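Peer 1: Before I ask anything, let me first share the structure, which is written out below as structure tokens.
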Amino acid sequence: MQTTSDEVLIGRIANGDRLAMQVLFARHHVGVYRFVLRLVRNEATAEDLISDVFLDVWRQAGKFEGRSAVSTWLLSIARFKALSMLRRRTEDELDDEAAGAIEDHSDDPEVALAKKDKGKAMRQCLSELSNEHREIIDLVYYHEKSVEEVAAIVGIPEATVKTRMFYARKKLSELLKERGIDRGWP
Amino acid sequence: MNTANETERSDIEELLPWLAAGTLDHRDTRRVEAALAEDPELARRYELVREELGETIHLNETLGAPSARAMDALFAKIDAEPARKPVVSLNLGARIGEFFASFSPRTLAWSASAAALAIVLQAAIIGGVLLKEKDTGGYETASAPTTVSGEGSYVLIQFQPQANAGAITNFLETNKLSIAGGPSAGGIYRVRVAAKKLAKPDLDRVVKELQHNTVVGFVAVTE
């Protein structure tokens, strides 16, 4: 089976090929959606953002130079749009959402259960990380981005990528410890 | 441990997430694997990284997918855009890709058939030479002998990128595993671990055992 590469699709999109756009969208929209959803934490907003991301691809395809993978380029655009949208929100909105998103740890039967289910506890802690830490963990573990690619997406030096990932993992361990799960590190 | 060694260890520890995800280059992969082989504490921390990798994938995979509304909205916006003139891409890689993509499937099929025939002939010659030298009793691949039906217990496995075919075959044979599907995105295979449905504690135990094999990058229970 022959699969047209993302780079070829981008070339066709630059020439106004709607079908190529459909193929690229089908190939990447779930990954981009999940990346954005983890940042904005709202499904409707994430859906709006991904159509904006791919509209940018439609408009900017002629300028794509292939210096990074198309998926890396898509995540860069997605990140920029998600963070711009978050900045536009008022502080009240953020406070309300944060209150809804952060769980009360005390005497919660869920927490008691989570102590027994380490995997579940870790997934809860992953959701409680800051956006900065969450995005780097997702990019490395889920979106399979190299140090160089993460640096390009986030716009930070490669050395900072490594230390940020280290501190994100450290924070994750601290959150687990607060839930009674001591991993013996750091 | 002296300061230089501590710095080196700290540098290597920072790379563990990329080793687990299979996105390190060959040089760093060799460097980190050598350190892991010599340093039990570092190896223990690598297990923590692999736990994080598995749970991050699990978490993201439960996020679902966007509705058709996103695609409808996108193409409504695209339809509202002004028509554009064709542009010539400056990207050489894309142009070469477009060159091959422009062939009809029939042309490509003939080219591929010719290439495949050349490979088969080459393999036949090499095989003939080997058969003359050694009388083998034959072999079967780990996944080929049985027809994998829907029955049984399955796990998802992502092999280490540096694991070669021989090591993977040996791993499958030793553990009596059959590849039932894949690879899907991220190089993940669906692997049958038992012909009958195992109880969850038994399946968890199997997953735990498989996790320790060096060819395995990531393993998780699946339905």
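What follows is calculated from the coordinates using simple rules that are stated; it is not laboratory data. Predicted model, so just to flag it, every value in this text is computed and none were measured. FYI the Cβ positions are ideal-geometry reconstructions off the backbone, even for glycines, and counts take in every protein chain you see.
Peer 1: Applying the Karplus parametrisation 6.51 cos²θ - 1.76 cosθ + 1.60 with θ = phi - 60° to the phi angles of the stretch A:67-78, what ³J(HN,Hα) value in whole Hz is obtained for each residue in order, glycine and proline being reported as x?
Peer 2: Each residue of the stretch A:67-78 in turn: 7, 9, 5, 4, 4, 5, 4, 4, 5, 5, 5, 4 Hz.
Peer 1: Neighbour counts of other C-beta atoms within 10 Å: give me A:173, B:67 arranged from fewest to most.
Peer 2: B:67, A:173
Peer 1: Which GluC sites (Glu not before Pro) in the stretch A:1-67 sit in a loop by DSSP (not H, G, I, E or B) and have at most 15 other Cβ atoms within 10 Å of their own Cβ?
Peer 2: A:65
Peer 1: Rule-of-thumb check for the stretch B:153-221: C-alpha Rg over 2.2 N^0.38 Å?
Peer 2: For the stretch B:153-221, the normalised Cα radius of gyration comes out at 1.01.
Peer 1: Let me ask something else. Of A:120/A:177; A:162/B:208; A:120/A:171; A:118/B:176, which pairs sit farther than 25 Å apart, going by alpha carbon to alpha carbon?
Peer 2: Too far apart for the 25 Å limit: A:162/B:208; A:118/B:176.
Peer 1: For A:141, B:189, which order do you get if you count the other beta carbons within 10 Å of each Cβ and list the fewest first?
Peer 2: So the ranking, lowest neighbour count to highest, is B:189, A:141.
Peer 1: Taking a ≥ b ≥ c as the square roots of the eigenvalues of the Cα gyration tensor of the stretch B:3-61, is the shape rounded (a/c under 1.5), prolate (a/b larger than b/c) or oblate?
Peer 2: prolate
Peer 1: Roughly what would the spin-label model give for residue B:194 and residue A:178, points 7 Å off Cα along C-beta, in nm?
Peer 2: Placing both labels 7 Å beyond Cα along the Cβ direction yields 3.9 nm.
Peer 1: Could you rank the peptides B:30-36, B:5-11, A:161-167 by their average count of other C-beta atoms within 10 Å per residue, with the highest value first?
Peer 2: Answer by packing, highest mean first, reads A:161-167, B:30-36, B:5-11.
Peer 1: OK, next. Between residue B:194 and residues 5 or more places away or on another chain, which pairs have amide H atoms under 5 Å apart, with H built 1.01 Å from N, and which residues are they?
Peer 2: Excluding prolines and chain starts, which carry no amide H, the hits are B:153.
Peer 1: Now a separate question. Count, for each residue of A:161-169, the Cβ atoms from other chains sitting within 10 Å of its Cβ, then give me the mean as a whole number.
Peer 2: Counting other chains' Cβ atoms within 10 Å and averaging over A:161-169 gives 4.
Peer 1: Still on this structure, please answer the following. Could you work out how much longer the chain between residue B:81 and residue B:30 gets when fully extended? Use 0.36 nm per residue separation minus the Cα distance between them, nm to one decimal.
Peer 2: Length gained, residue B:81 through residue B:30: 13.3 nm.
Peer 1: For the stretch B:27-34, just list the computed ³J(HN,Hα) in residue order, Karplus coefficients 6.51, -1.76 and 1.60, θ = phi - 60°, integers in Hz, with x standing in for Gly and Pro.
Peer 2: For the stretch B:27-34, the Karplus-derived couplings read 5, 5, 4, 4, 4, 5, 5, 5 Hz, x marking Gly and Pro.
Peer 1: Looking only at other chains, what is the average number of their beta-carbon atoms within 10 angstrom of each beta-carbon in A:142-149?
Peer 2: 6
Peer 1: Can you sort B:157, B:168 from fewest to most other Cβ atoms within 10 Å of each residue's own Cβ?
Peer 2: So the ranking, lowest neighbour count to highest, is B:168, B:157.
Peer 1: Now a separate question. Counting only other chains, what is the mean number of Cβ atoms within 10 angstrom of the Cβ of each residue in peptide B:9-19?
Peer 2: Per residue, the number of nearby Cβ atoms from other chains is 4 on average.
Peer 1: Using modelled amide H (1.01 Å from N, peptide plane; none on Pro or chain starts), what sits under 5 Å from the amide H of residue B:182, excluding residues fewer than 5 places away?
Peer 2: For residue B:182, whose amide H was placed from the backbone, the distant partners under 5 Å are B:190.
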